[in-house]
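Below is one structure, written out as C-alpha cells; comments come after it.
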Amino acid sequence: MTPDLSLGEVKTSLTPAKRFEEYLQSRGMRSTEQRRILINHVFNHHDHFDADDLIERLPTKGQPGYVSRPTVYRTLTEFVDAGLLRKFELDGRGVYEHDYGYPQHDHLYCQVCRELFEFVSKDLVKLRDEVANNHRFRVSSHRLIITGTCEDCRKNSSRTRRKQDRV
C-alpha cells in the first residue's frame, strides 16, 4: 500500500490573486493584465518550476496572453515578496514553489531525472525543534532538500547495465 504523500492545504482567508492584489495596493502598484495572467498560470496547478519553464507555458509573442521575459522575472520576484512563492537554488537555477496556502514541507531531489518529491515528516520537525531548543534558537522556518536517486531511475539504471560493466 502506497502511503499518502499529499501535503494537504492550509486554510487561507484570501485567494492568491486577492492576496497579490492587496500586496500591490499596499505598495501603490497597479494590477496589470500581465500580472493577472501570471498569477493565473502559476496558481492553476501546483508544481515546481523555474522562470524558463513558466515562459515556455505562456503564449508566444503576438498571441493573446503574451507576457515578456523581463515582466515574468520581475513579477516572480513580486510573488516571492508578497509571500505567494518561495524561491530556492537547485543545480544552479532558481526554482519556485507555492508558499501561500501550503504547509511547511521538505524535498527529495533525484539527480538523474531532476524530479522534486515533497514530503512532511513529524519526526524531522521534532528533531529540528530539539536541536533548536538545545541551542536556545528560535526557528522561523527551515528547508531541507535530500539529494539522491529515485526508485524509477535506479530501476532504469540497473536494467541498462551490461554484464562487463558490473566487474
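The values are calculated or read from the model by the stated rules, or taken from the named source; none is laboratory data. The model shown is predicted, which means the values in this text are computed figures rather than measured ones. As a convention, Cβ positions derive from the backbone with ideal geometry for all residues, glycine included, and neighbour counts pool all protein chains shown.
Structure data summary
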item	result
Residue in the stretch 23-30 that is at pLDDT below 95 and of a type in the set (S, T, N, Q) present	no
Given (1) part of a loop (DSSP other than H, G, I, E, B); (2) farther than 15 Å from Ala82 by Cβ; (3) out of contact with any strand residue (DSSP E or B) (no Cβ under 6 Å at 6 or more places or on another chain), index of the condition Met29 fails	(2)
In the stretch 85-112, residue farthest from the chain's Cα centre (by Cα) [restricted to those that are over 18 Å from Asp53 (Cβ atoms) and assigned to a strand (DSSP E or B)]	Leu108
Filter result for the condition that a residue is among the hydrophobic types (A, V, I, L, M, F, W, C) and without any contact (Cβ under 8 Å) to a residue 12 or more places away in the chain, over Phe49, Phe137	Phe137
Of all residues in the stretch 79-93 being without any contact (Cβ under 8 Å) to a residue 60 or more places away in the chain and out of contact with any Leu (no Cβ under 8 Å at 6 or more places or on another chain), the one that is surrounded by the fewest Cβ atoms within 10 Å (Cβ to Cβ)	Gly92
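Conditions (1) in contact with a His (Cβ under 7 Å, 6 or more places away or on another chain); (2) small (Gly, Ala, Ser); (3) closer than 16 Å to Leu116 by Cβ, marked per residue:
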| residue | (1), (2), (3) |
| --- | --- |
| Ile39 | no, no, no |
| Thr60 | no, no, no |
| Gln63 | no, no, no |
| Pro70 | no, no, no |
| Glu78 | no, no, no |
| Gly83 | no, yes, no |
| Leu90 | no, no, yes |
